[in-house]
Amino acid sequence: MAARQASAPTCLNLALQGGGSHGAFTWGVLDALLEDGGFGFPGVSGTSAGAMNAAALVNGFASAALEFPDDAERRHTEGCARARESLKALWDGVGTMGSLMWGVPAAHQALMGMMTQWLSPYQTNPLDFNPLRSQLERVVDFAALQSAAGLKGVPQAFVCATNVRTGRGKIFKGAEITADAVMASACLPQMFRAVEIDGEHYWDGGYSGNPALYPLIYDTQCSDMLLVQINPIEHAELPNTAAEIMERMNEVTFNAGLLGELRAIDFVRRLLAEGRLDASRYKSVLLHRIDGGAALAEFGAASKTRADSSFLRKLFALGRAEGERWITAHRDDVGVRQTLQIVDNP
């Protein structure tokens with residue numbers, strides 16, 4: 001898809017869900033949006049794999065803003081190109097590591113899976129080794145990202161993690177965006193030790209916001225929000241094995257906060273439309289969604305831990321195709337009307 005020339009990019013906030021290696025689907029969606037070039041991203045909220053995607057995307061725009069602070073057009077075009085490069089470098093590195101692990105004998109993988117059920121990461125991983133951290137730090141220049149926070153053309157990043165002590169979500173933003181913050185957002189407690197930041201300990205942000213939407217409402221002026229969803233809300237078949245039941249429980253848990261925020265946003269929109277709220281105090285948010293649930297369903301929940309290059313490239317291609325379809329169908333809706341219909345059964 002050829003890049004689209006536009007004098008003023010259309011503002012579109014991004015909300016990026018987490019879901020293990022299925023985050024490569026989101027990489028594909030983002031690649032389509034960035035190549036198009038017609039959108040600007042005032043805010044990007046991400047959780048877990050979504051937080052990694054957010055950091056890589058903002059890294060590209062931060063680099064361009066620091067190099068071209070006075071040239072808005074160059075800053076945008078270079079930002080889009082560099083964000084694509086950052087995302088590719090991130091997932092290519094993940095794929096390299098995943099390809100190596102894919103060669104580990106199945107019996108050993110099964111043994112590791114059993115260990116995580118009965119032993120904590122404080123026993124199985126006492127050195128707290130996580131190869132994703134080194135890959136993230138190779139791709140994202142966090143010092144530059146922090147220096148560029150607040151500069152024109154640089155999306156605000158919002159990373160959600162769950163405070164272990166309070167059970168509440170913590171939103172890291174601006175200068176708080178560090179490798180620790182992103183790794184905290186992706187810290188599954190069965191696999192990794194809690195990440196300590198300023199004396200508090202954090203687990204995966206999916207427990208409190210997957211992703212968190214409210215920072216995009218309160219901290220940006222943009223009214224349009226595109227949710228890239230990779231955890232299915234609905235599940236057609238009744239789970240009946242232990243693994244299927246656990247996975248469905250995780251899906252419900254990791255979508256609960258998101259569903260609550262979507263309902264609240266829709267409620268405010270209806271009150272504003274009825275003239276029952278002050279429009280000068282409340283924002284009418286226009287929600288859009290790319291739903292990867294259907295596209296990813298064929299791979300099954302277990303594939304969220306598969307990260308070999310060939311698999312990630314397949315997910316990337318699926319996400320990119322969905323991104324292109326959404327752009328073609330809904331480009332003219334952005335700023336005009338909401339395309340995500342929220343209907344709850346009584």
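The values are calculated or read from the model by the stated rules, or taken from the named source; none is laboratory data. Just so we're clear, the structure is a prediction, and the values are computed from it rather than from any experiment. Note: ideal-geometry Cβ built from the backbone for every residue, glycine included; neighbour counts use all protein chains shown. Surface areas here come from the heavy atoms of the whole protein model, side chains and all, with no ligands, DNA or RNA. Shrake-Rupley method; radii C 1.70, N 1.55, O 1.52, S 1.80 Å.
Condition first: within 14 Å of Glu200 (Cα to Cα) and either of a type in the set (Lys, Arg) or open to solvent by 40 Å² or more (accessible area, probe 1.4 Å) (or both). Now tell me which residues in the range 138-168 satisfy that.
Val164, Arg165, Thr166, Gly167, Arg168
One residue is enough: does the range 180-192 have a residue meeting the conditions open to solvent by 30 Å² or more (accessible area, probe 1.4 Å) and outside any loop (DSSP other than H, G, I, E, B)?
Within the range 180-192, one or more residues are open to solvent by 30 Å² or more (accessible area, probe 1.4 Å) and outside any loop (DSSP other than H, G, I, E, B).
If you check Ala295 against the conditions, is it open to solvent by 30 Å² or more (accessible area, probe 1.4 Å), hydrophobic (A, V, I, L, M, F, W, C) and in contact (Cβ under 8 Å) with a residue 40 or more places away in the chain?
Details: open to solvent by 30 Å² or more (accessible area, probe 1.4 Å): no; hydrophobic (A, V, I, L, M, F, W, C): yes; in contact (Cβ under 8 Å) with a residue 40 or more places away in the chain: yes.
When the stated conditions are applied, Ala295 does not pass them.
If we scan the range 211-224, do we find a residue that is out of contact with any strand residue (DSSP E or B) (no Cβ under 9 Å at 6 or more places or on another chain), touching a residue at least 24 places away in the same chain (Cβ under 8 Å), open to solvent by less than 20 Å² (accessible area, probe 1.4 Å) and not in a helix (DSSP H, G or I)?
no
Condition first: more than 17 Å from the chain's Cα centre (by Cα), under 18 Å from Asn13 (Cα atoms) and part of a helix (DSSP H, G or I). Can you find one or more residues in the range 269-291 that meet it?
yes
In this structure, is Val159 of a type outside the set (D, E, K, R), at pLDDT 95 or above and not in a strand (DSSP E or B)?
Numbers: of a type outside the set (D, E, K, R): yes; at pLDDT 95 or above: yes; not in a strand (DSSP E or B): no.
When the stated conditions are applied, Val159 does not pass them.
Please name all residue pairs, on different chains or six or more residues apart, with Cβ atoms under 7 Å, provided the first residue is in the range 152-172 and is within 16 Å of Pro42 (Cα to Cα) and the second residue is acidic (Asp, Glu).
Qualifying pairs under 7 Å: Gln156/Asp219.
Kindly list, by first and then second residue, each pair from a residue in the range 73-100 that is among the aliphatic types (A, V, I, L, M) to a residue that is not in a helix (DSSP H, G or I), limited to pairs with Cβ atoms under 8 Å and residues at least 6 apart or on different chains.
Leu90/Val140; Val94/Ala307; Met97/Ala307
Here is a check on your reading of the model: is Ala317 open to solvent by 50 Å² or more (accessible area, probe 1.4 Å), among the small types (Gly, Ala, Ser) and part of a helix (DSSP H, G or I)?
Working: open to solvent by 50 Å² or more (accessible area, probe 1.4 Å): yes; among the small types (Gly, Ala, Ser): yes; part of a helix (DSSP H, G or I): yes.
The answer is yes for Ala317.
Which of (1) at pLDDT below 95; (2) crowded, with 24+ Cβ neighbours inside 10 Å; (3) in a helix (DSSP H, G or I) is the odd one out, the single condition Ser21 does not satisfy?
Checking Ser21 against (1) at pLDDT below 95; (2) crowded, with 24+ Cβ neighbours inside 10 Å; (3) in a helix (DSSP H, G or I), the one that fails is (2).
Looking only at residues in the range 242-287 that are under 20 Å from Gly20 (Cα atoms) and of a type in the set (S, T, N, Q), which one is surrounded by the most Cβ atoms within 10 Å (Cβ to Cβ)?
Asn255
What is the number of the single condition among (1) outside any helix (DSSP H, G or I); (2) on the phi < 0 side of the Ramachandran plot that Gly167 does not meet?
Unmet condition: (2).
When you go through Thr26, Thr47, Thr10 one by one, which is the residue that is over 18 Å from Ala321 (Cβ atoms) and either open to solvent by less than 10 Å² (accessible area, probe 1.4 Å) or at pLDDT below 95 (or both)? First the steps, then the outcome.
Details: Thr26 fails: over 18 Å from Ala321 (Cβ atoms); Thr10 fails: either open to solvent by less than 10 Å² (accessible area, probe 1.4 Å) or at pLDDT below 95 (or both).
Result: Thr47 is the single residue among Thr26, Thr47, Thr10 that is over 18 Å from Ala321 (Cβ atoms) and either open to solvent by less than 10 Å² (accessible area, probe 1.4 Å) or at pLDDT below 95 (or both).
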